[in-house]
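In what follows, a single structure is set out as structure tokens and then discussed.
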Amino acid sequence: MRRIPAGSVHLHDARRGRRWTVELESFEIGVYPVTEELFAELLGVPARHPRRPARDLSWLRAIRFCNAASEWEGHDPAYSFDGEEVTWHVDSDGYRLPTEAEWEFACRAGSTGPHYGPLTEIAWTALDGVSEPQDVGGKLPNLNGLFDTLGNVWEWCWDLLDPARYDDYRVFRGGGFEDEAFSVRASVRRGGGPRMHHDDVGMRLARGGFDTVDAAQGWSAGEDLERGARGMPRPFGWTPRG
């Protein structure tokens, strides 16, 4: 894990035409994406390629892995469950997924462009002609000392993507090994349902508790409710939950 100092990050939601700034407290984030090796050690599952990023993970599985990592090291779990409804206890010191704001701030490491360096030097993408993820740490890190925040595999975040349009879809960030350069940028947002699996989506651990309730590091439960009730256009045939 690497300690990221407090700071601010500018975010952009293209569909909603919104730009805003988030002030962040200091937090910790993984130097690498979670590897197959770590997944195997904590959950007792096979690791075919120990140093490659764990992938094909649903958001819910990533959340449960965070709790398993917390329990392994004796920390209070960050998440509790009511069926598939997940609550983040933001005062917990346990492992968790980063918020979108934390992820982008850690990825950018002070850079303001789409990449923190020449893409071929920092990220595994379609430019490399690979057909599967590569061992973590094979490209150059950013100035925070983090590897593979761009390329290799996308990484789940805590936040909802766009609840007015996509209901419970969660965000993943960073681009993957088969993505073109346009998709492998610090600002690109994509997402999927919490039970969906994607063969190019993995995770990166974060850690840090805050003296707040239902809001932290650019995320707010109240804002999620507000965003989900704005009556924005929805895909044809889509029905919101009651």
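Each reported figure results from applying straightforward, stated rules to the coordinates on display, with no laboratory input. Nothing here was measured: the structure is a model prediction, and the numbers come from that model. Methodologically, a virtual Cβ is constructed for each residue, glycine included, from the backbone with ideal geometry; neighbour enumeration extends over all protein chains shown.
Starting from the Cα gyration tensor of the stretch 1-140, take the square roots of the eigenvalues, sort them a ≥ b ≥ c, and report rounded, prolate or oblate (rounded when a/c is under 1.5, otherwise prolate if a/b is larger than b/c, else oblate).
The shape class here is oblate.
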Exercise. Sticking with the crude label model, points 7 Å out along Cα→Cβ, report the distance from Leu127 to Leu140 in nm, one decimal please.
Key: 1.1
Quiz item: Where in the stretch 21-122 are there GluC sites (Glu not before Pro) that are in a DSSP coil and have at most 14 other Cβ atoms within 10 angstrom of their Cβ?
Solution: Glu84
Exercise. Largest first and in whole Å, give the semi-axes of the stretch 8-90's equivalent ellipsoid, each being the square root of 5 times a Cα gyration tensor eigenvalue.
Key: 28, 18, 15
Quiz prompt | Virtual spin-label span in nm between Asp211 and Asp224, 7 Å along Cα→Cβ | solution = 2.5
Self-check item: Dipole magnitude of the chain about its Cα centre (Cβ charges: Lys, Arg +1; Asp, Glu -1), debye to nearest 20
Solution: 700
Self-check item: Segment Ala47-Ser8, length gained on full extension (0.36 nm per residue, minus Cα span)
Solution: 10.3 nm
Practice problem: Quick one: divide the alpha-carbon radius of gyration of the stretch 100-242 by 2.2 N^0.38 Å and tell me what you get. | Solution: 1.12
Quiz prompt | Lys, Arg +1 and Asp, Glu -1 on Cβ, resulting dipole of the stretch 113-242 about Cα centre, debye, nearest 20 | solution = 400
Quiz item: Quick one: length gained pulling Glu73 to Glu85 fully straight, 0.36 nm per residue minus the C-alpha distance?
Solution: 1.9 nm
Practice problem: Counting helices only, and only those DSSP H runs with n ≥ 4, report the 222 nm mean residue ellipticity of the chain as the sum of -39,500 (n - 2.57) divided by its residues, in deg cm²/dmol to the nearest 500. | Solution: -5000 deg cm²/dmol
Quiz item: For the stretch 20-78, with the dipole built from +1 on Lys and Arg beta-carbon atoms and -1 on Asp and Glu ones, taken about the Cα centre, which of Ala62, Val22, Val45 lies farthest toward the positive end?
Solution: Val45
Exercise. Binning at 10 Å from 0, report for the chain what percent of all alpha-carbon pair distances ends up in each bin.
Key: 8, 33, 39, 18, 2
Quiz item: Extension gain Thr112-Met1, at 0.36 nm per residue separation less the Cα-Cα distance, in nm?
Solution: 37.6 nm
Quiz item: Between rounded, prolate and oblate, where does the stretch 59-162 land on the alpha carbon gyration tensor, with a ≥ b ≥ c its root eigenvalues, rounded for a/c under 1.5, else prolate if a/b exceeds b/c?
Solution: prolate
Exercise. Please list, in chain and number order, the residues 5+ apart from Arg2 or on another chain whose amide H is under 5 Å from its amide H, with Hs placed from the backbone.
Key: Ile29, Gly30, Val31
Quiz item: Evaluated at 10 °C with a viscosity of 1.306 mPa s, what Stokes-Einstein diffusion coefficient in µm²/s does the stretch 117-197 have when Rh comes from the Kirkwood expression over alpha-carbon pairs?
Solution: 121
